[in-house]
Amino acid sequence: MDEKNFLQRLEKIRGRRELATTDLVSILDLSRDEVDLIFNLAAEVETFLKGEMKKVPLLKGKSQMSFFMESSTRTSVSFELAGKNLGADTVNINVEKSSMNKGETLLDTAITLDQMQPDIIVMRTSFSGAVHFFARSVKAAVINAGDGMNEHPTQALLDLYTMQKFVDKDLKKKKLVIVGDVLHSRVFGSLSRLAKMFEMDITVSAPHTLIRPHLEAWGVRHEPNIEKALAGANIVYALRLQTERTAAAFVPTVREYSKTYIINAARMKLADKKAVVMHPGPVIRELDVHTNILETNVSLIPEQVFSAYCIRFVLLWLFGNKRKHKQIAKRLFKA
């Protein structure tokens, strides 16, 4: 597909529609219609990103900062590559070498970065709520790439987009079974909310020690017995045991947890015969998902990575012109 034709097709799908929000901090910042728009644009982007020429000037002259305070492969690379494909000037901030290690506060870091006039800041942090605080303090559009145990909205978008492609365009009443460390998972925070928006049937299978309080208020069922939970499942979504967030202290042993909750070929026979397996990555083989699943077409994990590339391409474009419309919170001692 040539560049001119691609741009015309994108503009035709978008029309004059704009996202109402200036930042993507929570998946609830988006309406169902806006999610559908993102998915329609991503479907158009797919063919282009699989072509030989992947660069267009949609964000030419714009600047994009990646402020990752945690390790990342899939999220950081897909955002950076998508930004470069769109023609933006991309900057990666090495937090380990930043002034925050000298005692600078998050607010002062936000003020400093925003004075450099970035159009987009993509942020990941281990502190729940820090992205919301940061977004209120900068004129740049802020996209949440994962904050603590709170949310990871772009992951949820790429997941539902992948489900629509490979399971069913209409996900209403499809049975989604989320297996694993729900308590510490920011992926669960966004995925469960978006799946509910699409009227999916959501079940969580995990030990009682790894579920969130008042789970029923989320519109989610808890079934600790994985064999019962998997019965009739259309999508099995495995979560990593988040040992870096002390998750290992919530199970008798990691080996015992794996034995009880690993997704393998034998357990997948209990699900729907067309059921698929998904995982946000990184997958810990033989702990989260067995190799006898990962190496088969039942696994959509590689497809999720490409979906991430397409979805984040679209999001960067849609948020690229938000700076001029955004108002920031008034600081306490400065008007």
inquiry  = As an exercise: evaluate A266 against (1) of a type outside the set (S, T, N, Q); (2) touching a Ser or Thr at 6+ places or on another chain (Cβ under 8 Å); (3) modelled with pLDDT of 95 or more; (4) surrounded by fewer than 20 Cβ atoms within 10 Å (Cβ to Cβ) and give the number of the one condition it does not meet.
reply    = (2)
key: First in the stretch 200-229 and in contact (Cβ under 8 Å) with a residue 40 or more places away in the chain and closer than 10 Å to V182 by Cα, second anywhere and among the charged types (D, E, K, R) and open to solvent by less than 10 Å² (accessible area, probe 1.4 Å), Cβ under 7 Å, 6 or more apart   = A206/D181; L210/D181
note = A careful count of residues in the stretch 67-91 that are open to solvent by 70 Å² or more (accessible area, probe 1.4 Å) and of a type in the set (A, V, I, L, M, F, W, C) gives 3
request  = Give just the number: which of (1) under 18 Å from L171 (Cβ atoms); (2) touching a helix residue (DSSP H, G or I) at 6+ places or on another chain (Cβ under 6 Å) does A233 not satisfy?
outcome  = (2)
inquiry  = Can you pull out every residue in the stretch 273-314 that is of a type outside the set (S, T, N, Q), open to solvent by 40 Å² or more (accessible area, probe 1.4 Å) and on the phi < 0 side of the Ramachandran plot?
reply    = K273, K274, P282, I284, R285, H290, E295, V298, P302, E303, V305, F306
inquiry  = Among the residues in the stretch 72-79, are any modelled with pLDDT under 95, among the hydrophobic types (A, V, I, L, M, F, W, C) and on the phi < 0 side of the Ramachandran plot?
reply    = no
remark   = Residue pairs qualifying under the 7 Å Cβ cut-off, at least six apart or on distinct chains, with the first in the stretch 185-199 being basic (K, R) and the second being part of a helix (DSSP H, G or I), are R193/I27; R193/L28
note = Restricting the stretch 19-39 to residues that are open to solvent by 60 Å² or more (accessible area, probe 1.4 Å) and either in contact with a Lys or Arg (Cβ under 9 Å, 6 or more places away or on another chain) or of a type in the set (S, T, Y) (or both), the one nearest to L86 (Cα to Cα) turns out to be D33
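Counting just the residues of the stretch 92-127 that are of a type in the set (S, T, N, Q) and open to solvent by less than 40 Å² (accessible area, probe 1.4 Å), which one comes out farthest from E70 (Cα to Cα)?
Across the stretch 92-127, the extreme among qualifying residues is T109.
Just need a number here: residues in the stretch 55-66 that are within 17 Å of E11 (Cα to Cα) and open to solvent by 50 Å² or more (accessible area, probe 1.4 Å). Spell out the reasoning first.
As a first pass, look at the stretch 55-66 and keep what is within 17 Å of E11 (Cα to Cα): 55-60.
Okay, now just the ones that are also open to solvent by 50 Å² or more (accessible area, probe 1.4 Å), so 55, 57, 60.
Within the stretch 55-66, residues that are within 17 Å of E11 (Cα to Cα) and open to solvent by 50 Å² or more (accessible area, probe 1.4 Å) number 3.
For every residue, the table says whether it meets (1) modelled with pLDDT under 95; (2) touching a strand residue (DSSP E or B) at 6+ places or on another chain (Cβ under 9 Å); (3) among the hydroxyl-bearing types (S, T, Y).
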{"site": "K165", "(1), (2), (3)": "no, no, no"}
{"site": "D170", "(1), (2), (3)": "no, no, no"}
{"site": "K174", "(1), (2), (3)": "no, yes, no"}
{"site": "D181", "(1), (2), (3)": "yes, no, no"}
{"site": "K196", "(1), (2), (3)": "no, yes, no"}
{"site": "V204", "(1), (2), (3)": "no, yes, no"}
query = Does at least one position in the stretch 38-50 carry a residue that is assigned to a helix (DSSP H, G or I), among the small types (G, A, S) and closer than 20 Å to Q164 by Cβ?
reply = yes
request  = Just name the residue that is nearest to D288 (Cα to Cα) out of those in the stretch 200-216 that are within 21 Å of the chain's Cα centre (by Cα) and of a type in the set (D, E, K, R).
outcome  = R212
query = Inside the stretch 202-255, can you point out the residues that are in a loop (DSSP other than H, G, I, E, B), open to solvent by less than 40 Å² (accessible area, probe 1.4 Å) and of a type in the set (V, I, T)?
reply = I211, V220, V251
query = For V167, are the conditions met, namely being open to solvent by less than 20 Å² (accessible area, probe 1.4 Å) and touching a residue at least 12 places away in the same chain (Cβ under 8 Å)?
reply = no
task = Output yes when any residue across the stretch 317-331 is closer than 18 Å to A42 by Cβ, open to solvent by less than 10 Å² (accessible area, probe 1.4 Å) and hydrophobic (A, V, I, L, M, F, W, C), and no when none is.
result = yes
inquiry  = As an exercise: evaluate H279 against (1) under 17 Å from A206 (Cα atoms); (2) in contact with a His (Cβ under 9 Å, 6 or more places away or on another chain) and give the number of the one condition it does not meet.
reply    = (2)
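The values are calculated or read from the model by the stated rules, or taken from the named source; none is laboratory data. What you see is a predicted model; the values in this text were computed from it and never measured. Don't worry about glycine lacking a Cβ; one is built from the backbone with ideal geometry, like all the others, and counts go over all protein chains shown. Protein only, heavy atoms only, side chains kept; ligands, DNA and RNA dropped before computing areas. Shrake-Rupley method; radii C 1.70, N 1.55, O 1.52, S 1.80 Å.
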